[in-house]
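Chemist: Would you mind keeping the following structure in view while I ask a few things?
The values are calculated or read from the model by the stated rules, or taken from the named source; none is laboratory data. Treat the numbers as computed from the prediction; the structure is a model and nothing was measured. Cβ placement follows ideal geometry from the backbone for every residue including glycine, while neighbour counts extend to all protein chains displayed. Just the protein is used for accessible areas: all its heavy atoms, side chains included, with ligands, DNA and RNA removed. Shrake-Rupley method; radii C 1.70, N 1.55, O 1.52, S 1.80 Å.
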Amino acid sequence: MLDIRLIREHADQVKARLSARGGDSHLQIDSILECDRDRRAAETQLQTLQSERKRMSKEIGARKSKGEDTAAVEAEVRGLGEQITKLNEESAALDERQRELLLHLPNLPHEGCPIGADAAANPEVRVWGERPAFGFSPKSHVELGEALGMFDFERAAKISGSAFVVFTGAGARLERALLNFLLDLHTREHGYTEVSPPVVVRPETLIGTSQLPKFEEQLYRCERDDLYLTPTAEVPVTNLHREEILPLEQLPICYAAYTPCFRREAGSAGLGTRGLIRMHQFDKVELVKITTPEAASAELEILTSHAERVLQILGLHYRTIELCTGDIGFSSTRTYDIEVWAPGQNGYLEVSSCSHFGDFQARRMNLRFKDAEGKNRFCHTLNGSGTALPRLMVALLETYQQADGTVLLPEVLRPYFGSERIQ
RNA sequence: GGUGAGGUGGCUGAGUGGUCGAAAGCAGCGCUUUGCUAAAGCGCCAUACUCCAAAAGGGUAUCGAGGGUUCAAAUCCCUCCCUCACCGCCA
(Lines give C-alpha, C1' and ligand atoms only; values in the text may rest on other atoms or scores of the structure.)
Protein backbone atom coordinates (compact mmCIF):
# COMPACT_ATOMS: atom_id res chain seq x y z
CA MET A 1 0.00 0.00 0.00
CA LEU A 2 1.31 3.40 -0.94
CA ASP A 3 1.43 6.26 1.54
CA ILE A 4 -1.55 8.54 0.94
CA ARG A 5 0.65 11.50 1.81
CA LEU A 6 3.12 10.60 -0.89
CA ILE A 7 0.25 10.44 -3.37
CA ARG A 8 -1.18 13.73 -2.11
CA GLU A 9 2.10 15.62 -2.16
CA HIS A 10 3.78 14.11 -5.21
CA ALA A 11 0.88 13.01 -7.38
CA ASP A 12 2.68 13.61 -10.67
CA GLN A 13 5.72 11.60 -9.68
CA VAL A 14 3.56 8.75 -8.45
CA LYS A 15 1.60 8.75 -11.70
CA ALA A 16 4.79 8.75 -13.74
CA ARG A 17 6.27 5.83 -11.82
CA LEU A 18 3.06 3.85 -12.02
CA SER A 19 2.76 4.39 -15.76
CA ALA A 20 6.20 2.82 -16.13
CA ARG A 21 4.45 -0.43 -15.20
CA GLY A 22 2.40 -0.13 -18.36
CA GLY A 23 -1.03 -0.88 -16.87
CA ASP A 24 -3.68 1.70 -16.16
CA SER A 25 -3.08 1.93 -12.44
CA HIS A 26 -1.89 5.55 -12.73
CA LEU A 27 -5.41 6.46 -13.82
CA GLN A 28 -6.60 5.62 -10.32
CA ILE A 29 -4.61 8.43 -8.72
CA ASP A 30 -7.08 11.19 -9.47
CA SER A 31 -10.00 9.32 -7.93
CA ILE A 32 -7.86 8.49 -4.90
CA LEU A 33 -7.01 12.17 -4.47
CA GLU A 34 -10.65 13.13 -4.80
CA CYS A 35 -11.65 10.53 -2.23
CA ASP A 36 -8.90 11.75 0.09
CA ARG A 37 -10.16 15.33 -0.14
CA ASP A 38 -13.76 14.31 0.55
CA ARG A 39 -12.67 12.07 3.38
CA ARG A 40 -10.68 14.77 5.13
CA ALA A 41 -13.44 17.32 4.71
CA ALA A 42 -15.96 14.92 6.25
CA GLU A 43 -13.57 14.05 9.06
CA THR A 44 -12.88 17.67 9.91
CA GLN A 45 -16.56 18.44 10.06
CA LEU A 46 -17.23 15.34 12.12
CA GLN A 47 -14.49 16.21 14.57
CA THR A 48 -15.83 19.69 15.09
CA LEU A 49 -19.21 18.28 16.04
CA GLN A 50 -17.68 15.62 18.28
CA SER A 51 -15.66 18.25 20.03
CA GLU A 52 -18.84 20.24 20.64
CA ARG A 53 -20.69 17.21 21.97
CA LYS A 54 -17.86 16.30 24.27
CA ARG A 55 -17.77 19.80 25.71
CA MET A 56 -21.52 19.91 26.29
CA SER A 57 -21.67 16.41 27.77
CA LYS A 58 -19.06 17.37 30.31
CA GLU A 59 -21.08 20.41 31.15
CA ILE A 60 -24.18 18.26 31.70
CA GLY A 61 -22.20 16.08 34.06
CA ALA A 62 -20.98 19.10 35.99
CA ARG A 63 -24.44 20.65 36.25
CA LYS A 64 -26.12 17.40 37.23
CA SER A 65 -23.74 17.00 40.11
CA LYS A 66 -24.93 20.37 41.33
CA GLY A 67 -28.53 19.21 41.03
CA GLU A 68 -29.45 21.53 38.15
CA ASP A 69 -31.96 20.60 35.48
CA THR A 70 -30.28 19.69 32.17
CA ALA A 71 -33.20 18.50 30.05
CA ALA A 72 -32.89 21.34 27.54
CA VAL A 73 -29.18 20.86 26.94
CA GLU A 74 -29.64 17.13 26.69
CA ALA A 75 -32.18 17.58 23.92
CA GLU A 76 -29.78 19.85 22.09
CA VAL A 77 -26.93 17.37 22.33
CA ARG A 78 -29.24 14.60 21.18
CA GLY A 79 -29.73 16.55 17.98
CA LEU A 80 -25.99 16.85 17.61
CA GLY A 81 -25.68 13.10 18.11
CA GLU A 82 -27.89 12.44 15.11
CA GLN A 83 -25.74 14.63 12.90
CA ILE A 84 -22.65 12.94 14.21
CA THR A 85 -24.02 9.48 13.43
CA LYS A 86 -24.76 10.53 9.87
CA LEU A 87 -21.42 12.21 9.31
CA ASN A 88 -19.64 9.32 10.92
CA GLU A 89 -21.19 6.91 8.43
CA GLU A 90 -20.20 9.17 5.59
CA SER A 91 -16.66 9.52 6.80
CA ALA A 92 -16.28 5.79 7.47
CA ALA A 93 -17.55 4.98 3.98
CA LEU A 94 -15.05 7.36 2.42
CA ASP A 95 -12.29 5.91 4.54
CA GLU A 96 -13.21 2.41 3.47
CA ARG A 97 -13.34 3.45 -0.17
CA GLN A 98 -9.93 5.06 0.05
CA ARG A 99 -8.49 1.94 1.66
CA GLU A 100 -10.04 -0.22 -1.04
CA LEU A 101 -8.56 1.96 -3.77
CA LEU A 102 -5.14 1.93 -2.13
CA LEU A 103 -5.19 -1.84 -1.64
CA HIS A 104 -5.74 -2.31 -5.36
CA LEU A 105 -2.94 0.06 -6.34
CA PRO A 106 0.42 -1.59 -7.18
CA ASN A 107 3.76 -0.56 -5.73
CA LEU A 108 6.03 2.01 -7.35
CA PRO A 109 9.01 0.52 -9.21
CA HIS A 110 12.41 1.26 -7.65
CA GLU A 111 14.54 4.00 -9.27
CA GLY A 112 16.98 1.27 -10.25
CA CYS A 113 14.35 -0.90 -11.91
CA PRO A 114 14.99 -0.97 -15.67
CA ILE A 115 12.28 0.66 -17.77
CA GLY A 116 10.54 -1.62 -20.21
CA ALA A 117 7.18 -2.72 -21.51
CA ASP A 118 7.28 -6.48 -20.98
CA ALA A 119 9.43 -9.55 -20.38
CA ALA A 120 11.30 -9.00 -23.64
CA ALA A 121 12.91 -5.93 -22.08
CA ASN A 122 14.27 -7.74 -19.02
CA PRO A 123 18.06 -7.35 -18.96
CA GLU A 124 20.25 -10.34 -18.26
CA VAL A 125 22.35 -9.60 -15.18
CA ARG A 126 24.58 -12.68 -14.93
CA VAL A 127 25.11 -16.05 -16.44
CA TRP A 128 26.70 -18.89 -14.52
CA GLY A 129 28.10 -22.10 -16.06
CA GLU A 130 27.16 -23.27 -19.50
CA ARG A 131 24.73 -25.53 -21.23
CA PRO A 132 25.83 -29.15 -20.79
CA ALA A 133 26.73 -31.08 -23.92
CA PHE A 134 25.25 -34.51 -24.54
CA GLY A 135 26.45 -37.27 -26.82
CA PHE A 136 22.78 -38.15 -27.29
CA SER A 137 19.48 -36.40 -27.49
CA PRO A 138 18.52 -35.36 -23.92
CA LYS A 139 15.13 -36.53 -22.70
CA SER A 140 12.50 -34.58 -20.85
CA HIS A 141 12.17 -35.13 -17.09
CA VAL A 142 8.75 -36.66 -17.73
CA GLU A 143 10.17 -39.44 -19.82
CA LEU A 144 13.13 -39.96 -17.50
CA GLY A 145 11.15 -39.83 -14.28
CA GLU A 146 8.33 -42.08 -15.42
CA ALA A 147 10.82 -44.68 -16.62
CA LEU A 148 12.60 -44.47 -13.25
CA GLY A 149 9.32 -44.72 -11.33
CA MET A 150 9.73 -41.28 -9.76
CA PHE A 151 6.28 -39.82 -10.27
CA ASP A 152 2.79 -40.69 -11.35
CA PHE A 153 0.64 -38.02 -12.98
CA GLU A 154 -2.26 -40.28 -13.90
CA ARG A 155 -3.00 -41.45 -10.40
CA ALA A 156 -2.53 -37.91 -9.09
CA ALA A 157 -5.22 -36.82 -11.54
CA LYS A 158 -7.45 -39.63 -10.28
CA ILE A 159 -7.24 -38.50 -6.67
CA SER A 160 -6.90 -34.71 -7.09
CA GLY A 161 -7.26 -33.66 -10.72
CA SER A 162 -4.90 -32.43 -13.39
CA ALA A 163 -1.73 -30.50 -12.57
CA PHE A 164 -1.08 -32.53 -9.43
CA VAL A 165 1.63 -35.13 -9.03
CA VAL A 166 2.38 -38.10 -6.83
CA PHE A 167 6.07 -38.52 -6.19
CA THR A 168 6.91 -42.18 -5.87
CA GLY A 169 9.98 -44.15 -4.83
CA ALA A 170 13.15 -42.37 -5.85
CA GLY A 171 11.10 -39.29 -6.77
CA ALA A 172 9.72 -38.92 -3.25
CA ARG A 173 13.16 -39.57 -1.83
CA LEU A 174 14.78 -36.99 -4.10
CA GLU A 175 12.17 -34.45 -3.06
CA ARG A 176 13.01 -35.07 0.57
CA ALA A 177 16.75 -34.98 -0.13
CA LEU A 178 16.46 -31.62 -1.91
CA LEU A 179 14.43 -30.09 0.90
CA ASN A 180 16.94 -31.11 3.50
CA PHE A 181 19.84 -29.92 1.39
CA LEU A 182 18.21 -26.51 0.82
CA LEU A 183 17.25 -25.94 4.45
CA ASP A 184 20.68 -27.02 5.67
CA LEU A 185 22.41 -24.71 3.22
CA HIS A 186 20.38 -21.65 4.12
CA THR A 187 20.34 -22.18 7.86
CA ARG A 188 23.92 -23.41 8.35
CA GLU A 189 25.78 -21.39 5.77
CA HIS A 190 23.60 -18.36 5.06
CA GLY A 191 22.42 -17.70 8.61
CA TYR A 192 18.66 -18.00 8.18
CA THR A 193 16.39 -19.16 10.99
CA GLU A 194 14.25 -22.09 10.00
CA VAL A 195 10.51 -21.75 10.48
CA SER A 196 7.70 -24.12 9.66
CA PRO A 197 4.48 -22.11 9.52
CA PRO A 198 0.82 -23.00 8.99
CA VAL A 199 -0.18 -23.13 5.32
CA VAL A 200 -3.80 -22.23 6.01
CA VAL A 201 -4.23 -18.53 6.77
CA ARG A 202 -6.78 -15.83 7.39
CA PRO A 203 -7.72 -13.20 4.83
CA GLU A 204 -5.91 -10.40 6.74
CA THR A 205 -2.68 -12.32 6.37
CA LEU A 206 -3.08 -12.40 2.60
CA ILE A 207 -3.94 -8.70 2.55
CA GLY A 208 -0.66 -8.11 4.39
CA THR A 209 1.50 -9.56 1.65
CA SER A 210 -0.99 -8.33 -1.02
CA GLN A 211 -2.33 -11.55 -2.54
CA LEU A 212 -5.70 -10.12 -1.45
CA PRO A 213 -7.88 -8.38 -2.37
CA LYS A 214 -6.72 -8.31 -5.97
CA PHE A 215 -5.71 -11.91 -6.65
CA GLU A 216 -8.42 -13.84 -4.88
CA GLU A 217 -9.14 -16.03 -7.91
CA GLN A 218 -5.63 -17.48 -7.74
CA LEU A 219 -6.14 -18.84 -4.24
CA TYR A 220 -7.71 -21.98 -2.84
CA ARG A 221 -10.25 -21.04 -0.25
CA CYS A 222 -11.82 -22.99 2.61
CA GLU A 223 -15.11 -21.19 2.55
CA ARG A 224 -16.64 -22.70 5.67
CA ASP A 225 -13.91 -21.22 7.85
CA ASP A 226 -12.94 -18.26 5.70
CA LEU A 227 -9.36 -19.48 5.44
CA TYR A 228 -7.08 -19.80 2.45
CA LEU A 229 -4.28 -22.18 1.42
CA THR A 230 -1.04 -20.26 1.08
CA PRO A 231 0.38 -19.81 -2.43
CA THR A 232 3.87 -19.33 -0.97
CA ALA A 233 5.54 -19.36 2.45
CA GLU A 234 6.11 -15.64 1.93
CA VAL A 235 2.56 -15.17 3.21
CA PRO A 236 2.69 -16.76 6.67
CA VAL A 237 6.36 -15.98 7.26
CA THR A 238 6.37 -12.27 6.39
CA ASN A 239 3.20 -11.87 8.45
CA LEU A 240 4.82 -13.44 11.51
CA HIS A 241 5.68 -9.95 12.78
CA ARG A 242 2.60 -8.09 11.54
CA GLU A 243 1.46 -5.33 13.88
CA GLU A 244 4.75 -5.45 15.74
CA ILE A 245 7.37 -2.79 16.43
CA LEU A 246 10.74 -4.50 16.15
CA PRO A 247 13.85 -3.29 17.96
CA LEU A 248 16.52 -2.07 15.54
CA GLU A 249 19.12 -4.51 16.81
CA GLN A 250 16.90 -7.44 15.82
CA LEU A 251 17.15 -6.50 12.14
CA PRO A 252 17.61 -7.93 9.65
CA ILE A 253 15.37 -10.87 10.47
CA CYS A 254 16.10 -13.74 8.10
CA TYR A 255 13.80 -16.75 7.83
CA ALA A 256 13.98 -19.87 5.70
CA ALA A 257 10.81 -21.92 5.44
CA TYR A 258 9.79 -25.03 3.63
CA THR A 259 6.09 -25.29 2.80
CA PRO A 260 3.89 -26.77 0.16
CA CYS A 261 2.40 -24.03 -2.04
CA PHE A 262 -1.10 -24.02 -3.51
CA ARG A 263 -2.08 -22.14 -6.64
CA ARG A 264 -5.25 -22.33 -8.65
CA GLU A 265 -3.44 -21.05 -11.73
CA ALA A 266 -6.73 -19.79 -13.07
CA GLY A 267 -6.34 -18.81 -16.68
CA SER A 268 -2.69 -19.85 -16.82
CA ALA A 269 -1.29 -20.72 -20.20
CA GLY A 270 0.58 -23.98 -20.24
CA LEU A 271 -1.32 -25.58 -17.38
CA GLY A 272 -2.18 -28.36 -19.77
CA THR A 273 1.46 -29.25 -20.42
CA ARG A 274 2.67 -32.45 -18.94
CA GLY A 275 5.32 -32.55 -16.31
CA LEU A 276 6.40 -30.79 -13.20
CA ILE A 277 6.69 -27.27 -14.52
CA ARG A 278 3.37 -25.79 -13.48
CA MET A 279 1.25 -27.40 -10.82
CA HIS A 280 -1.50 -26.63 -8.35
CA GLN A 281 0.58 -27.87 -5.45
CA PHE A 282 4.35 -27.83 -5.15
CA ASP A 283 7.05 -27.67 -2.52
CA LYS A 284 9.28 -24.66 -2.07
CA VAL A 285 11.88 -23.35 0.33
CA GLU A 286 11.35 -19.64 0.74
CA LEU A 287 13.74 -17.01 2.09
CA VAL A 288 12.24 -13.96 3.82
CA LYS A 289 13.99 -10.88 5.15
CA ILE A 290 12.64 -8.04 7.27
CA THR A 291 15.00 -5.10 7.43
CA THR A 292 15.43 -1.32 7.45
CA PRO A 293 14.89 0.91 4.41
CA GLU A 294 18.60 1.74 4.50
CA ALA A 295 19.76 -1.87 4.34
CA ALA A 296 17.15 -3.27 1.98
CA SER A 297 18.84 -2.76 -1.38
CA ALA A 298 22.01 -4.50 -0.24
CA GLU A 299 19.90 -7.28 1.28
CA LEU A 300 18.24 -7.93 -2.06
CA GLU A 301 21.66 -8.61 -3.60
CA ILE A 302 22.56 -10.92 -0.73
CA LEU A 303 19.25 -12.76 -0.89
CA THR A 304 19.63 -13.27 -4.63
CA SER A 305 23.17 -14.57 -4.17
CA HIS A 306 21.87 -17.09 -1.63
CA ALA A 307 19.35 -18.43 -4.12
CA GLU A 308 21.98 -18.55 -6.87
CA ARG A 309 24.30 -20.44 -4.57
CA VAL A 310 21.89 -23.39 -4.64
CA LEU A 311 22.33 -23.78 -8.36
CA GLN A 312 26.09 -23.25 -8.18
CA ILE A 313 26.52 -26.01 -5.63
CA LEU A 314 24.34 -28.32 -7.68
CA GLY A 315 26.35 -27.44 -10.78
CA LEU A 316 23.34 -26.24 -12.75
CA HIS A 317 23.73 -23.65 -15.47
CA TYR A 318 21.54 -20.60 -14.93
CA ARG A 319 21.08 -16.98 -15.74
CA THR A 320 19.82 -14.14 -13.61
CA ILE A 321 17.63 -11.51 -15.16
CA GLU A 322 16.18 -8.38 -13.72
CA LEU A 323 12.51 -7.74 -14.33
CA CYS A 324 11.75 -4.43 -16.00
CA THR A 325 9.05 -2.00 -14.87
CA GLY A 326 6.51 -3.60 -17.18
CA ASP A 327 7.12 -7.10 -15.81
CA ILE A 328 7.59 -6.79 -12.04
CA GLY A 329 4.88 -8.09 -9.75
CA PHE A 330 2.13 -6.02 -8.15
CA SER A 331 3.84 -5.47 -4.79
CA SER A 332 7.48 -5.44 -5.89
CA THR A 333 9.76 -2.45 -6.38
CA ARG A 334 12.48 -4.52 -7.92
CA THR A 335 12.88 -8.22 -8.78
CA TYR A 336 15.55 -10.63 -9.94
CA ASP A 337 14.47 -13.88 -11.53
CA ILE A 338 16.83 -16.83 -11.59
CA GLU A 339 16.32 -19.19 -14.48
CA VAL A 340 17.90 -22.60 -14.59
CA TRP A 341 18.73 -24.40 -17.79
CA ALA A 342 16.62 -27.47 -18.50
CA PRO A 343 18.15 -29.44 -21.39
CA GLY A 344 15.06 -31.58 -21.97
CA GLN A 345 12.97 -28.43 -22.41
CA ASN A 346 15.72 -26.76 -24.41
CA GLY A 347 15.01 -23.64 -22.38
CA TYR A 348 15.33 -21.83 -19.09
CA LEU A 349 12.96 -22.34 -16.18
CA GLU A 350 12.27 -19.77 -13.49
CA VAL A 351 13.24 -21.38 -10.17
CA SER A 352 13.48 -18.29 -8.03
CA SER A 353 12.12 -14.79 -7.93
CA CYS A 354 13.80 -12.42 -5.47
CA SER A 355 12.02 -9.19 -4.68
CA HIS A 356 12.30 -6.06 -2.64
CA PHE A 357 8.90 -4.73 -1.59
CA GLY A 358 9.94 -1.49 0.05
CA ASP A 359 7.45 -0.62 2.79
CA PHE A 360 4.49 -1.69 0.63
CA GLN A 361 3.76 -4.89 2.56
CA ALA A 362 4.89 -3.43 5.90
CA ARG A 363 2.27 -0.68 5.59
CA ARG A 364 -0.43 -3.23 4.89
CA MET A 365 0.49 -5.27 7.92
CA ASN A 366 1.60 -2.37 10.11
CA LEU A 367 5.05 -3.85 10.57
CA ARG A 368 7.44 -1.29 12.04
CA PHE A 369 10.79 -0.93 13.76
CA LYS A 370 12.10 1.60 16.25
CA ASP A 371 14.97 3.51 14.68
CA ALA A 372 18.06 4.96 16.36
CA GLU A 373 16.14 8.15 17.21
CA GLY A 374 13.36 6.13 18.81
CA LYS A 375 10.92 6.82 15.98
CA ASN A 376 8.64 4.11 14.67
CA ARG A 377 9.16 3.54 10.95
CA PHE A 378 7.91 0.95 8.51
CA CYS A 379 10.22 -1.97 7.81
CA HIS A 380 11.20 -3.09 4.36
CA THR A 381 10.42 -6.67 3.39
CA LEU A 382 12.08 -8.98 0.88
CA ASN A 383 11.72 -12.53 -0.22
CA GLY A 384 12.97 -15.02 -2.73
CA SER A 385 12.56 -18.67 -3.52
CA GLY A 386 15.46 -20.69 -2.36
CA THR A 387 14.24 -22.51 -4.47
CA ALA A 388 11.10 -24.05 -5.92
CA LEU A 389 11.45 -27.84 -5.76
CA PRO A 390 9.79 -29.36 -8.82
CA ARG A 391 11.58 -27.17 -11.33
CA LEU A 392 14.84 -27.75 -9.56
CA MET A 393 14.15 -31.44 -9.94
CA VAL A 394 13.43 -30.95 -13.64
CA ALA A 395 16.78 -29.25 -14.16
CA LEU A 396 18.62 -31.88 -12.12
CA LEU A 397 17.13 -34.87 -13.93
CA GLU A 398 17.57 -33.36 -17.35
CA THR A 399 21.09 -32.04 -16.71
CA TYR A 400 22.48 -35.16 -15.07
CA GLN A 401 20.79 -37.79 -17.23
CA GLN A 402 23.03 -40.46 -18.70
CA ALA A 403 22.84 -42.22 -22.06
CA ASP A 404 21.35 -45.29 -20.38
CA GLY A 405 18.46 -43.35 -18.86
CA THR A 406 19.85 -43.25 -15.32
CA VAL A 407 20.65 -40.02 -13.48
CA LEU A 408 24.00 -39.43 -11.79
CA LEU A 409 23.46 -37.03 -8.91
CA PRO A 410 25.83 -34.19 -8.05
CA GLU A 411 28.19 -34.93 -5.17
CA VAL A 412 26.45 -32.79 -2.55
CA LEU A 413 23.10 -34.55 -2.88
CA ARG A 414 24.40 -38.10 -2.55
CA PRO A 415 24.45 -38.25 1.25
CA TYR A 416 20.97 -36.74 1.35
CA PHE A 417 19.62 -39.10 -1.28
CA GLY A 418 21.44 -42.12 -0.03
CA SER A 419 23.09 -43.13 -3.28
CA GLU A 420 24.87 -41.58 -6.24
CA ARG A 421 22.59 -42.68 -8.99
CA ILE A 422 18.88 -42.90 -9.71
CA GLN A 423 18.26 -46.08 -11.66
C1' G B 1 -17.74 -28.77 20.39
C1' G B 2 -19.32 -27.49 25.80
C1' U B 3 -18.58 -24.69 30.38
C1' G B 4 -16.02 -21.05 33.10
C1' A B 5 -12.38 -16.95 33.69
C1' G B 6 -10.01 -13.25 31.19
C1' G B 7 -8.03 -9.51 27.13
C1' U B 8 -6.33 -1.87 29.88
C1' G B 9 -0.20 2.19 27.65
C1' G B 10 7.02 -0.97 26.57
C1' C B 11 5.87 -4.37 30.98
C1' U B 12 3.08 -5.25 35.79
C1' G B 13 -1.52 -3.53 37.25
C1' A B 14 -5.85 -0.14 39.32
C1' G B 15 -10.22 1.60 37.47
C1' U B 16 -18.06 -0.88 36.95
C1' G B 17 -21.54 5.42 33.51
C1' G B 18 -19.43 11.94 33.86
C1' U B 19 -13.06 16.94 34.40
C1' C B 20 -10.11 8.98 32.51
C1' G B 21 -6.03 8.92 27.41
C1' A B 22 -6.55 6.44 31.80
C1' A B 23 -3.89 5.74 39.20
C1' A B 24 0.39 3.32 40.92
C1' G B 25 4.81 0.56 40.22
C1' C B 26 8.78 -1.08 36.92
C1' A B 27 11.71 -0.01 32.66
C1' G B 28 13.42 4.32 29.59
C1' C B 29 14.95 9.71 28.91
C1' G B 30 16.41 14.59 31.14
C1' C B 31 17.80 17.64 35.30
C1' U B 32 19.39 18.34 40.50
C1' U B 33 21.88 16.77 44.84
C1' U B 34 24.98 13.47 47.50
C1' G B 35 28.93 10.63 46.17
C1' C B 36 33.14 4.42 45.86
C1' U B 37 30.73 1.78 41.19
C1' A B 38 24.95 3.35 43.44
C1' A B 39 20.96 6.11 46.01
C1' A B 40 17.44 10.10 46.52
C1' G B 41 14.36 14.13 44.59
C1' C B 42 11.95 16.52 40.43
C1' G B 43 10.24 16.47 35.47
C1' C B 44 9.30 13.93 30.80
C1' C B 45 7.79 9.35 28.59
C1' A B 46 1.34 5.82 23.67
C1' U B 47 -0.50 5.60 18.65
C1' A B 48 -3.20 7.07 14.38
C1' C B 49 -5.82 10.62 11.81
C1' U B 50 -6.78 15.66 11.23
C1' C B 51 -6.63 21.50 11.42
C1' C B 52 -2.87 25.51 10.41
C1' A B 53 1.64 27.44 4.51
C1' A B 54 5.17 25.44 8.23
C1' A B 55 6.71 25.56 13.30
C1' A B 56 4.34 26.40 17.80
C1' G B 57 -0.21 24.87 19.09
C1' G B 58 -5.27 22.83 18.56
C1' G B 59 -8.99 18.89 17.66
C1' U B 60 -10.86 13.80 17.14
C1' A B 61 -10.41 8.68 17.76
C1' U B 62 -8.17 4.50 20.15
C1' C B 63 -8.59 0.50 27.15
C1' G B 64 -8.90 -7.18 21.92
C1' A B 65 -12.32 -6.04 17.14
C1' G B 66 -17.09 -4.51 15.38
C1' G B 67 -22.02 -2.91 16.48
C1' G B 68 -25.72 -0.97 20.17
C1' U B 69 -27.86 1.83 24.59
C1' U B 70 -27.02 6.96 26.61
C1' C B 71 -26.65 13.97 26.72
C1' A B 72 -22.03 11.10 28.06
C1' A B 73 -18.97 4.28 27.65
C1' A B 74 -12.54 1.41 29.56
C1' U B 75 -17.07 0.94 32.60
C1' C B 76 -23.87 -1.39 30.51
C1' C B 77 -25.86 -4.77 26.20
C1' C B 78 -24.96 -7.87 21.59
C1' U B 79 -21.72 -10.37 17.98
C1' C B 80 -16.91 -11.91 16.74
C1' C B 81 -11.56 -12.88 17.61
C1' C B 82 -7.83 -14.40 20.95
C1' U B 83 -5.67 -16.42 25.70
C1' C B 84 -6.10 -19.63 29.96
C1' A B 85 -8.57 -23.74 32.76
C1' C B 86 -11.67 -27.98 32.92
C1' C B 87 -14.83 -31.48 30.14
C1' G B 88 -15.86 -34.01 25.39
C1' C B 89 -13.70 -35.71 20.79
C1' C B 90 -9.28 -36.82 18.23
C1' A B 91 -3.89 -37.53 14.59
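Chemist: Within chain A, what percent of beta bridges assigned by DSSP are antiparallel, to the nearest 5? If you can, show how the numbers build up before the last one.
Modeler: Working: 50 of 56 bridges.
That works out to approximately 90 percent antiparallel.
Chemist: In whole percent, what relative contact order does the range A:12-86 give with Cα contacts below 8 Å and a gap of six or more residues?
Modeler: On the way: 25 pairs, mean separation 16.7, N = 75.
This gives 22 percent for the range A:12-86.
Chemist: Now for a separate question. Compute the angle between helix A:170-184 and the longest alpha-carbon principal axis of chain A, please, reported from 0 to 90 degrees and rounded to the nearest 10.
Modeler: 60
Chemist: Given Cβ point charges of +1 (Lys, Arg) and -1 (Asp, Glu) and nothing else, what value in debye, to the nearest 20, does the dipole of the range A:4-103 about its Cα centre take?
Modeler: 400
Chemist: Where nothing but the Cβ of Lys and Arg (+1) and of Asp and Glu (-1) is charged, how large is the charge dipole of the range A:137-238 around its Cα centre, in debye to the nearest 20?
Modeler: 180
Chemist: Within 11 Å, Cβ to Cβ, of A:S305, how many net charges do the neighbouring residues add up to if Lys/Arg are +1 and Asp/Glu are -1?
Modeler: The answer is -1.
Chemist: Separate question: Can you put A:E243, A:E420 in order of accessible area, largest first, using a 1.4 Å probe?
Modeler: Details: A:E243 125, A:E420 95 Å².
The residues order as A:E243, A:E420, largest area first.
Chemist: Sticking with this structure for a sec: For the range A:265-409, go through all pairs of different Cα atoms, get the mean of 1/r, take its inverse, and jot down that Kirkwood value in Å. Could you put the intermediate results ahead of the total?
Modeler: Numbers: mean 1/r = 0.0594 Å⁻¹.
The Cα-based Kirkwood calculation yields 16.8 Å.
Chemist: Now a separate question. By how many degrees, between 0 and 90 and to the nearest 10, does the Cα long axis of helix A:293-313 differ from the longest principal axis of chain A?
Modeler: Approximately 20 degrees, to the nearest ten.
Chemist: Additional query: Can you work out the accessible area per residue across the range A:119-422, with the rest of the protein chains kept in place, probe 1.4 Å, in square angstrom?
Modeler: On a per-residue basis, 41 Å².
Chemist: Which value, in Å² and to the nearest 10, is the accessible area of A:K66 when all protein chains are kept and the probe is 1.4 Å?
Modeler: The accessible area comes out at roughly 150 Å².
Chemist: Now for a separate question. Compare A:E339, A:E249 by solvent-accessible area with a 1.4 Å probe and give them largest first, with all protein chains kept in place.
Modeler: A:E249, A:E339
Chemist: Which value in nm describes the separation of the simple spin-label points at A:T85 and A:E373, placed 7 Å from the Cα toward the beta carbon?
Modeler: 4.5
Chemist: I'd like to check one number: the per residue accessible area of the range A:1-58, probe 1.4 Å, reported in Å² as a whole number.
Modeler: I get 61 Å² per residue for the range A:1-58.
Chemist: Something else about it: Which three lengths, in whole Å and largest first, does the range A:4-103 cover when its Cα atoms are put on their principal axes?
Modeler: Computed over the range A:4-103, the largest-to-smallest principal extents equal 69, 20, 16 Å.
Chemist: How much length, in nm to one decimal, is gained on full extension between A:I245 and A:D226, taken as 0.36 nm per residue of separation minus their Cα-Cα distance?
Modeler: Length gained between A:I245 and A:D226: 4.1 nm.
Chemist: Report the accessible area of A:H306, computed with a 1.4 Å probe over the heavy atoms of all protein chains in place, in Å² rounded to the nearest 10.
Modeler: Here the accessible area works out near 20 Å².
Chemist: Please give the charge dipole size of chain A, origin at the Cα centre, charges +1 on K and R Cβ atoms and -1 on D and E Cβ atoms. Round to the nearest 20 debye.
Modeler: In debye, rounded to 20, chain A gives about 520.
Chemist: Let me ask something else. Say R0 is 60 Å: what FRET efficiency, to the nearest 0.05, do A:S297 and A:E59 get from their beta-carbon distance?
Modeler: 0.60
Chemist: Go ahead and collect, in residue order, the members of the range A:79-107 whose backbone nitrogen is under 19 Å from a label point 7 Å along the Cα-Cβ direction of A:E52.
Modeler: Answer for the range A:79-107: A:79-92.
Chemist: Using alpha-carbon pairs under 8 Å, 6+ residues apart, how would you state the relative contact order of the range A:107-192 in percent? Let's see the in-between values first.
Modeler: Values: 45 pairs, mean separation 13.6, N = 86.
Contact order relative to length: 16 percent.
Chemist: For a Förster distance of 45 Å, can you work out the FRET efficiency between the beta-carbons of A:H104 and A:R274, rounded to the nearest 0.05?
Modeler: Calculated transfer efficiency: 0.80.
Chemist: Which value in nm describes the separation of the simple spin-label points at A:R421 and A:E189, placed 7 Å from the Cα toward the beta carbon?
Modeler: The two pseudo-label positions are separated by 2.6 nm.
Chemist: Remind me, relative contact order of chain A in percent, using alpha carbon pairs under 8 angstrom and six or more residues apart?
Modeler: Working: 791 pairs, mean separation 83.2, N = 423.
Across chain A, relative contact order equals 20 percent.
Chemist: May I pose another question? In whole angstrom, how far apart do the alpha carbon centroids of the range A:148-201 and the range A:58-107 sit?
Modeler: 55
Chemist: For A:Q281, put the label point 7 Å out on the Cα→Cβ axis and report which residues of the range A:138-162 keep their amide N under 17 Å from it.
Modeler: Once the point is set 7 Å along Cα→Cβ of A:Q281, A:151-162 turn out to lie under 17 Å by backbone N, inside the range A:138-162.
Chemist: Under a 5 Å amide H to amide H cut-off, with H placed in plane at 1.01 Å, what residues pair with A:Y258 once short-range neighbours are removed?
Modeler: Those qualifying (amide H under 5 Å, at least 5 residues apart or on another chain) are A:V195, A:E286.
Chemist: With the full set of protein chains in place, find how many percent of the accessible area of chain A is carbon and sulfur; take the probe as 1.4 Å.
Modeler: Carbon and sulfur together cover 47 percent of it.
Chemist: Over the Cα atoms of chain A, each weighted equally, I'd like the Debye log10 I(q)/I(0) at q = 0.10, 0.11, 0.12 Å⁻¹, rounded to two decimals.
Modeler: -0.77, -0.89, -1.02
Chemist: Once both axes come from the Cα atoms, what is the angle between helix A:389-399 and the longest principal axis of chain A, in degrees from 0 to 90, rounded to 10?
Modeler: 20
Chemist: Ignoring everything but the protein chains, give the 1.4 Å probe accessible area of A:K370 in square angstrom, nearest 10.
Modeler: 90
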